[in-house]
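Student: Below is one structure. I have some questions about it.
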Amino acid sequence: MSRDSSQHGRDRVDGSGNGWGDAHDWLPYSFSIVGAQKSGTSTLSTALDRHPQVARAPRKELQFFTREDMDWSRPDYSGYRAPRRKPQHLIAGDATPAYLFWPHALERMHHYNPDTRLIAVFRDPLERLFSHWTMLRGRWTTAPDWPEFITEFRPTTTPTSLPDVPSLSFKQRSGVARGYYGDQLSRGLTIFPREQWLWLEFRAMLADFPGALDQLTDFLGVDRYGRHPDAGRLMSGPDRVVGTAPTAADVASLAHLYAADLTQFRAVSKLDIDAWPTVRILSGRMSPSDLAERFAARVETRGGVPARDEQIKAG
């Protein structure tokens, strides 16, 4: 860990409280859930908050390393620490799923603490993309409609620099870019060695959540849970949104956009992704219209009539 960040971990509270209640010292962040958004990161973060040896961060998604108003040649880490409220608290972590894909975020994390342990959960990229869009539409009626969401910013790989738009706009409209997992992992491995990464597959994690938590606590070097918390159903998004439903043509086009990256991701991660709809579509085991119809069931037009799916031949 850099000298500056280590010192922040040793600083004592000056007695004014600084909003931290009974906190009597501070912990630097030694691990981070870095991605992927809409892949169970809130569920994992909440479970860690309940671990007796893990100090809770002030909030999920601190977004520290996505800050573009920071002078990263001389970063100020003074506010990037967690209150150690109990003597048994040993570690603290950040959970910001934008870090994995955000340009230069991992490099900034490495400068802060080269020993940081990183956790990433991966979900089928089309299911993740649709969940991202429904989250935005459920929160803001002014959020981009589906056709705009998948075309306005549609790079063919993970961006290496920010486009010329405000950071908040990029966060909201980067849905397609966040799905290039293979490129993101390959880049991440040039910054942090493999032994500092834990990769989980979304469906497998939820199917055996206690087993996933055992992997996680072993990886972080803390005791296993005496009683495992339930996975729950956190940040799952609205049941229905108003907008334009994805078409089969959309699904097929996006699946092919991700095809090469998924091959790279499978080779790098060694995770079992054979059941992912995108993989099944690309292998001809699933029709794009089947996934489009599933998505469309959660979308209503402004007149209240479900959008009609565009039919194409699977192949």
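Student: Applying the selection to the range 62-87, what residues are surrounded by fewer than 16 Cβ atoms within 10 Å (Cβ to Cβ), hydroxyl-bearing (Ser, Thr, Tyr) and touching a His at 6+ places or on another chain (Cβ under 9 Å)?
Tutor: The answer is Ser78, and nothing else.
Student: Hey, could you check the range 159-174 for residues that are in contact (Cβ under 8 Å) with a residue 60 or more places away in the chain and within 17 Å of Glu148 (Cα to Cα) and say which is surrounded by the fewest Cβ atoms within 10 Å (Cβ to Cβ)?
Tutor: Here the answer is Lys171.
Yes/no matrix, rows are residues, columns are (1) over 30 Å from Val54 (Cα atoms); (2) not polar (S, T, N, Q):
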| position | (1), (2) |
| --- | --- |
| Gly221 | no, yes |
| Asp230 | no, yes |
| Gly243 | yes, yes |
| Thr247 | yes, no |
| Asp250 | yes, yes |
| Ser253 | yes, no |
| Ala260 | yes, yes |
| Ser269 | no, no |
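Student: Only one of (1) within 17 Å of the chain's Cα centre (by Cα); (2) modelled with pLDDT of 95 or more is not met by Lys171, so which one is it?
Tutor: All conditions pass for Lys171, except number (2).
Student: Can you tell which of Asp183, Asp223, Asp218, Asp239 is in a helix (DSSP H, G or I), charged (D, E, K, R), over 20 Å from the mean Cα position of the chain (by Cα) and closer than 21 Å to Thr41 by Cα?
Tutor: Just one listed residue meets the conditions, Asp218.
Okay, residues lined up against (1) out of contact with any helix residue (DSSP H, G or I) (no Cβ under 7 Å at 6 or more places or on another chain); (2) free of Cβ contacts under 8 Å to residues at least 24 places away in the same chain; (3) aliphatic (A, V, I, L, M); (4) in a helix (DSSP H, G or I):
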residue: Val251; (1), (2), (3), (4): no, no, yes, yes
residue: Leu254; (1), (2), (3), (4): no, no, yes, yes
residue: Asp261; (1), (2), (3), (4): no, no, no, yes
residue: Arg280; (1), (2), (3), (4): yes, yes, no, yes
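Student: Name every residue in the range 101-137 that is closer than 22 Å to Ala275 by Cβ and either charged (D, E, K, R) or assigned to a loop (DSSP other than H, G, I, E, B) (or both), in order of residue number.
Tutor: Hits for the range 101-137 are Arg123, Asp124, Glu127, Arg128.
The values are calculated or read from the model by the stated rules, or taken from the named source; none is laboratory data. These numbers were taken from a predicted model, which means no experiment stands behind them. Positions of Cβ are backbone-derived with ideal geometry, glycine not excepted, and every protein chain shown enters the neighbour counts.
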